[in-house]
Amino acid sequence: MDRYKVIIVDDDDVALENLTFELSKDVRFSLEKTARNGKQAKKVIAKIQPDLLFLDVEMPDMTGMELLEDIRDDVSWNMRVVFYTAYDKYMIQAIRESAFDYLLKPFEEQELKDILARFVKQAEARQKAALPMRMPLHSGQTFIVFTPTNDMRALRSAEIGFFRYCSDRRQWEVVLNNQPPLVLRRGMTAEQIIQYSPCFVQIHQSYIINIDYLMIIKDNKCILYPPFDKITELLVSRKHKKELQDRYCL
């Protein structure tokens, strides 16, 4: 079972220890990292991409609200934030900042259990809603995607060269053969795209290619077969290059 990744950001040793201990009782969650200030938090959040973030409101170098504002445009995955603080005066602002929940120090064990249960319920509902809709008559090679206007579009893997993440819009788009790129509904993740077909392989945080079109990897870039042979942007990250080499013996 894949566990939900958690990060705690708090400079209070006692509060950090208490929350760490209580989280360890729930096998559905994995505490990946802790941070003591906003600067550390930015680094570990970007690296770990947690599902759930427990965030102190007052830190030595910035407030939790300031941290969320700083990273807002960089968070492209589903991350829920629970403000963790001794000061309930921040509750209204926390709600305005779209926090998932609010945990006051010191907390009762049941309060944390309720938050975790609600998180899991919502996460499972999102995963169920995001499962690819496959067309049985085509052996899984035709599938349905949703556009930003919630229209349904049927695609075949053979007409797809690659997927590209547009950070300015915070959305994935599909680059198709002899058609304009198709923008996908916001909230779509790389993990969900890869589920559509075994031929979709991630090569970079911003790129997922159709491996059936891969000709060669040269100078850390993927060169594709026609009709996608003019594409020069498909950079392979170090992490994903190793995965490609192991998986396909490249």
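The values are calculated or read from the model by the stated rules, or taken from the named source; none is laboratory data. Just so we're clear, the structure is a prediction, and the values are computed from it rather than from any experiment. Here the Cβ is made from the backbone with ideal geometry for all residues, glycine too, and neighbour counts use every protein chain on show.
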Flagged in the range 15-67 as closer than 25 Å to Ala117 by Cβ, of a type in the set (Val, Ile, Thr), part of a helix (DSSP H, G or I) and out of contact with any helix residue (DSSP H, G or I) (no Cβ under 8 Å at 6 or more places or on another chain), in numbering order, are Thr20, Ile48
Tell me which of these Asp2 doesn't satisfy, since it passes every other one: (1) out of contact with any Lys or Arg (no Cβ under 8 Å at 6 or more places or on another chain); (2) in contact (Cβ under 8 Å) with a residue 60 or more places away in the chain; (3) assigned to a loop (DSSP other than H, G, I, E, B); (4) not basic (Lys, Arg).
(2)
Expected output for the range 97-110 (first residue at pLDDT 90 or above, partner assigned to a loop (DSSP other than H, G, I, E, B) and of a type in the set (Lys, Arg), Cβ below 9 Å, 6+ apart or cross-chain) is Glu109/Lys25
Restricting the range 199-221 to residues that are in contact with a helix residue (DSSP H, G or I) (Cβ under 8 Å, 6 or more places away or on another chain) and within 19 Å of Ala154 (Cα to Cα), the residue that is surrounded by the most Cβ atoms within 10 Å (Cβ to Cβ)
Ile208
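When the range 26-59 is examined, which residues are found to be of a type outside the set (D, E, K, R) and closer than 25 Å to Gln110 by Cβ? Full working, then the answer.
Narrowing the range 26-59 to residues of a type outside the set (D, E, K, R): 27, 29-31, 34-35, 37-38, 40-41, 44-46, 48-50, 52-55, 57, 59.
Listed by number, the residues that qualify are Val27, Phe29, Ser30, Leu31, Thr34, Pro50, Leu52, Leu53, Phe54, Leu55, Val57.
Considering only residues that are in a strand (DSSP E or B) and either modelled with pLDDT under 90 or touching a His at 6+ places or on another chain (Cβ under 8 Å) (or both), which ones fall in the range 224-244?
Within the range 224-244, Leu235 is the sole residue that qualifies.
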Quick one: in the range 5-17, which of the residues that are among the charged types (D, E, K, R) and out of contact with any Leu (no Cβ under 6 Å at 6 or more places or on another chain) is surrounded by the fewest Cβ atoms within 10 Å (Cβ to Cβ)?
Asp13
Every residue from the range 72-91 that is at pLDDT below 90 and among the hydrophobic types (A, V, I, L, M, F, W, C):
Val75, Trp77, Met79, Ala86, Met91
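Each row is one residue, and each column tells you yes or no for (1) in a strand (DSSP E or B); (2) at pLDDT 85 or above; (3) closer than 26 Å to Lys241 by Cα.
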residue: Leu137; (1), (2), (3): no, no, no
residue: Thr149; (1), (2), (3): no, no, no
residue: Leu155; (1), (2), (3): yes, yes, no
residue: Ala158; (1), (2), (3): no, yes, yes
residue: Gln179; (1), (2), (3): no, yes, no
residue: Met188; (1), (2), (3): no, yes, yes
residue: Gln192; (1), (2), (3): no, yes, yes
Any residue at all in the range 18-34 that's closer than 18 Å to Asp101 by Cα and surrounded by 21 or more Cβ atoms within 10 Å (Cβ to Cβ)?
yes
Only one of Asp2, Asp51, Asp61 is at pLDDT below 95, exposed (fewer than 14 other Cβ atoms within 10 Å of the Cβ) and within 20 Å of the chain's Cα centre (by Cα); which?
Asp2
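When you check Asp212 against the structure, is it among the acidic types (Asp, Glu) and either within 21 Å of the chain's Cα centre (by Cα) or modelled with pLDDT under 85 (or both), yes or no?
Against the criterion (among the acidic types (Asp, Glu) and either within 21 Å of the chain's Cα centre (by Cα) or modelled with pLDDT under 85 (or both)), Asp212 does not qualify.
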Identify, by number, the condition in (1) on the phi < 0 side of the Ramachandran plot; (2) modelled with pLDDT of 90 or more; (3) surrounded by fewer than 20 Cβ atoms within 10 Å (Cβ to Cβ) that Asp56 doesn't meet.
(3)
